[in-house]
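J.: Just passing along the structure, written as structure tokens.
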Amino acid sequence: MDWKTNRFAVSLIAAAAMSCTSDQAEKRTIDANRADVRLAVASNEQLSPKLIDAFRAREGNLFYSPLSIEAVAGMLYAGAKGETAKQLAEVLGAPHDPAAFHTGLGDLIADLDSDHGYTLSIANNIFPQRGDEPLESFTNTMEDAYRAPTQTLDYLNDAEGARKQINRSVEMQTRGMIDELFEAGDIDSGTVLALVNAMYFKADWARAFDKKLTRDASFTRLDLTKVSVRMMTLLETKLRTASISNATLLELPYRDGDLSFLAMLPDGPDALPELEQLLATTPVSDVIANLQMDEIAVQLPRFTLRERFDLTPVFEALGATDMFDVSRADLSGINGSRDLFVDAFVHEAWVSVDEIGTEAAAATGAALSRKSAPRQIVFDHAFVFMIYDKRTSTVLFTGRVADPTAE
């Protein structure tokens with residue numbers, strides 16, 4: 001059998017837009033201490049620092065979703081066998097009980113995927129070649145654990161039509177934020193399966209930035225040149241903060257209370273590599289352990305980031321090499337044969353941060369005042385951030401703001 005007719009395209013996509021959200025909220029029911037959920041969270045805690053380390057050499061702005069990457073890597077792991085499975089398990093930090101890992105990860109995603117005072121939509125989908133569907137055992141795992149429905153496409157006779165159909169699905173799931181995940185040529189008549197994860201996030205700040213206070217200000221980029229940015233201001237309020245290794249941490253909670261934006265400001269722009277090196281070896285739960293309430297005034301630039309990555313060299317550097325090798329890949333758990341390999345592994349992410357918050361939070365913020373000058377944290381040079389779930393310490397998104405004016 002000609003391997004060129006059995007390509008396996010893996011697609012990964014995440015989008016985040018932080019803005020207003022609805023007023024209706026559902027109560028979260030996840031048990032963060034449940035054994036299988038802890039396996040998924042532990043994987044996220046191990047994978048997130050590895051990704052920071054893998055992306056450290058990339059210049060400029062940076063934004064991606066560790067949870068989205070974990071989801072698609074988990075789906076790949078469900079179909080992997082032999083050495084390919086061992087390599088993916090090592091990258092994921094997955095346990096010897098794959099079934100429990102898949103169930104825990106799926107339930108964690110399902111719990112986050114709802115309206116809890118924020119909007120977080122997470123959709124997994126599998127798109128096999130019509131007439132060449134995966135094994136029932138694989139599709140059952142996709143449906144039962146990952147809530148990933150199967151939609152057949154005809155890559156063989158209409159690869160461009162299949163590409164456009166997947167892209168339309170992604171565009172709908174990301175509310176139009178990402179409209180062309182697969183670019184021309186990414187999918188061809190040899191593609192037999194695509195795995196897609198799409199994430200969309202939208203939330204209010206618990207304490208709003210007053211638009212009337214936003215002003216032009218100077219921001220020092222990584223190369224030490226300066227650029228004018230629109231700097232938002234949050235008047236004095238109680239927030240959690242801490243200091244670690246020549247950097248200041250600041251937690252900006254979203255309205256629901258479960259998710260937070262963790263901004264990490266190095267003492268100077270030249271200290272950012274040192275901070276990223278620390279984060280590359282430290283789980284987020286350890287990073288946030290020392291956060292304490294303080295009276296803080298904050299200045300944070302508006303920014304919008306859009307990033308696209310080829311994850312193939314990233315996973316190869318992390319040790320998962322066989323799944324990309326046509327002669328060594330063992331993804332026989334998908335179709336019962338060793339004729340599949342990962343031909344494309346891409347990730348795209350978008351985020352926008354501005355002043356918008358809830359009406360109640362905006363009113364509370366405007367009313368605060370002190371006679372003495374409050375402590376201020378001014379994000380006037382390159383910094384990094386995470387968006388994470390405080391209930392489980394799961395990292396949803398990670399980013400670096402090197403230049404707030406460069407989308």
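J.: In the stretch 42-98, what count of residues is obtained for those that are charged (D, E, K, R) and free of Cβ contacts under 8 Å to residues at least 40 places away in the same chain?
T.: Residues in the stretch 42-98 being charged (D, E, K, R) and free of Cβ contacts under 8 Å to residues at least 40 places away in the same chain: 3 in total.
J.: Across the stretch 137-164, what is the total count of residues that are within 16 Å of G106 (Cβ to Cβ), part of a helix (DSSP H, G or I) and touching a strand residue (DSSP E or B) at 6+ places or on another chain (Cβ under 9 Å)?
T.: Qualifying residue count, the stretch 137-164: 4.
J.: Can you tell me how many residues within the stretch 310-334 are free of Cβ contacts under 8 Å to residues at least 60 places away in the same chain and of a type in the set (G, A, S)?
T.: Here the count works out to 1.
J.: When the stretch 275-293 is examined, which residues are found to be closer than 30 Å to R215 by Cα and loosely packed, with under 15 Cβ neighbours inside 10 Å?
T.: Passing the criteria: Q292, M293.
J.: Could you count how many residues in the stretch 297-344 are more than 30 Å from K211 (Cα to Cα), among the charged types (D, E, K, R) and assigned to a strand (DSSP E or B)?
T.: 3
J.: For A54, all conditions in the list (1) buried (at least 24 other Cβ atoms within 10 Å of the Cβ); (2) in contact with a helix residue (DSSP H, G or I) (Cβ under 9 Å, 6 or more places away or on another chain) hold save one; what is the number of the exception?
T.: (1)
J.: Can you run down the residue pairs with Cβ atoms below 8 Å, 6 or more apart or on separate chains, where the first is in the stretch 158-180 and over 19 Å from E307 (Cα atoms) and among the hydroxyl-bearing types (S, T, Y) and the partner is surrounded by fewer than 18 Cβ atoms within 10 Å (Cβ to Cβ) and at pLDDT 85 or above?
T.: S169/Q151
J.: May I ask you to list the residues in the stretch 114-136 that are of a type in the set (G, A, S) and either closer than 25 Å to L67 by Cβ or surrounded by 15 or more Cβ atoms within 10 Å (Cβ to Cβ) (or both)?
T.: S114, G117, S121, A123
J.: Let me ask something else. Quick one: D132 ticks every box in (1) acidic (D, E); (2) within 16 Å of T394 (Cα to Cα); (3) outside any helix (DSSP H, G or I) except a single one, so which number is it?
T.: In the conditions (1) acidic (D, E); (2) within 16 Å of T394 (Cα to Cα); (3) outside any helix (DSSP H, G or I), D132 misses (2) alone.
J.: Out of the residues in the stretch 213-233 meeting the condition of being among the charged types (D, E, K, R) and modelled with pLDDT under 90, tell me which one is surrounded by the most Cβ atoms within 10 Å (Cβ to Cβ).
T.: R221
J.: Give me the residue from the stretch 142-190 that is aliphatic (A, V, I, L, M) and surrounded by fewer than 17 Cβ atoms within 10 Å (Cβ to Cβ) and, out of that set, farthest from I126 (Cα to Cα).
T.: If we take residues in the stretch 142-190 being aliphatic (A, V, I, L, M) and surrounded by fewer than 17 Cβ atoms within 10 Å (Cβ to Cβ), then A184 is farthest from I126 (Cα to Cα).
Yes or no, residue by residue, for (1) in a strand (DSSP E or B); (2) buried (at least 21 other Cβ atoms within 10 Å of the Cβ); (3) modelled with pLDDT of 75 or more:
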{"site": "M1", "(1), (2), (3)": "no, no, no"}
{"site": "V37", "(1), (2), (3)": "no, yes, yes"}
{"site": "F63", "(1), (2), (3)": "yes, yes, yes"}
{"site": "E70", "(1), (2), (3)": "no, yes, yes"}
{"site": "K86", "(1), (2), (3)": "no, no, yes"}
{"site": "A94", "(1), (2), (3)": "no, yes, yes"}
{"site": "L105", "(1), (2), (3)": "no, yes, yes"}
{"site": "I109", "(1), (2), (3)": "no, yes, yes"}
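The values are calculated or read from the model by the stated rules, or taken from the named source; none is laboratory data. What you see is a predicted model, and the numbers here were worked out from it, not measured in a lab. Here the Cβ is made from the backbone with ideal geometry for all residues, glycine too, and neighbour counts use every protein chain on show.
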